[in-house]
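Here is the structure we will look at.
The values are calculated or read from the model by the stated rules, or taken from the named source; none is laboratory data. This one's a predicted model, so the numbers in the text were calculated from it and none came from an experiment. Please note: Cβ atoms are built from the backbone with ideal geometry, for glycine as well, and neighbour counts cover all protein chains shown. Note: areas computed on protein heavy atoms with side chains; ligands, DNA, RNA excluded. Shrake-Rupley method; radii C 1.70, N 1.55, O 1.52, S 1.80 Å.
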Amino acid sequence: MRDVRPWRRRVWLLDDEPDILAVVEAQLTPRSIEVTPFSTPGPLLHALENARPDVIIMDLGLPFLDGSEVIERIRANPQTRTLPIVVLSCDRSVGSRVKALHQHVSAFLTKPYDAKDLIAAIERAADAAARPAPPPPPGTPASPAPTPTPRA
């Protein structure tokens, strides 16, 4: 029977470990978070051509294409550039964390993780993405003033 609950959030989960896919889905579904699992990057990148999740959760150690490269491809596309990404990885290195943060990921969690931390990261990332951009500070023009054209 198909689950017909009203979903609060839709996340796409990219991880090559079937156990992680199953556990994360089991943790999020009762919280009304719909999980679409992907075990390789190709199908996720292809699916982004037609649909958008609220948040992407992804591992960095992936087959065929490194997680950092997947993030670069998502960020390079104007249509997906601002999608919130939460990294969920075994990689605890400072270099990987710094690189991911420079790629503007919303959060970086390491395995093993606490489900409460993952849910909080999803909520924060989705809420931040849904908020309109703040207005410019007072005294800052909203758009650059036109440059006067010289007259001959």
Worksheet item: Take the residues of the stretch 85-103 that are farther than 19 Å from Leu21 by Cα and either in contact with a strand residue (DSSP E or B) (Cβ under 8 Å, 6 or more places away or on another chain) or among the polar types (S, T, N, Q) (or both): which is most open to solvent (accessible area, probe 1.4 Å)?
Response: Arg92
Practice prompt. Restrict the check to the stretch 74-87 and report whether at least one residue is of a type in the set (Lys, Arg), farther than 20 Å from Ala47 by Cα and at pLDDT below 95.
Written response: no
Practice prompt. For residues that are surrounded by 13 or more Cβ atoms within 10 Å (Cβ to Cβ) and part of a loop (DSSP other than H, G, I, E, B), scanning just the stretch 54-63, find the one that is nearest to the chain's Cα centre (by Cα).
Written response: Asp54
Worksheet item: Does Arg5 satisfy the condition of being on the phi < 0 side of the Ramachandran plot, in a loop (DSSP other than H, G, I, E, B) and at pLDDT below 95?
Response: yes
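Filter the stretch 104-116 down to residues that are open to solvent by 90 Å² or more (accessible area, probe 1.4 Å) and over 16 Å from Ala128 (Cβ atoms), then give me how many there are.
Adding up the residues that qualify gives 2.
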Worksheet entry | Selection count where residues are assigned to a loop (DSSP other than H, G, I, E, B) and under 20 Å from Val35 (Cβ atoms), scope the stretch 64-108 | 6
Worksheet, complete the sentence: Within the stretch 18-45, residues in contact (Cβ under 8 Å) with a residue 60 or more places away in the chain and in a helix (DSSP H, G or I) come out as Ile20, Val24, Gln27, Leu28, Arg31
Item to complete: Looking for whichever is open to solvent by less than 10 Å² (accessible area, probe 1.4 Å), aliphatic (A, V, I, L, M), closer than 14 Å to Ala125 by Cβ and modelled with pLDDT of 95 or more here; the options are Leu14, Leu28. Which one fits?
Response: Leu28
Response to the item:
Of (1) in a helix (DSSP H, G or I); (2) without any contact (Cβ under 8 Å) to a residue 24 or more places away in the chain, Asn50 satisfies every one except (1)
Item to complete: Could you grab me the full set of residues in the stretch 19-66 that are basic (Lys, Arg) and under 23 Å from Thr82 (Cα atoms)?
Response: Arg52
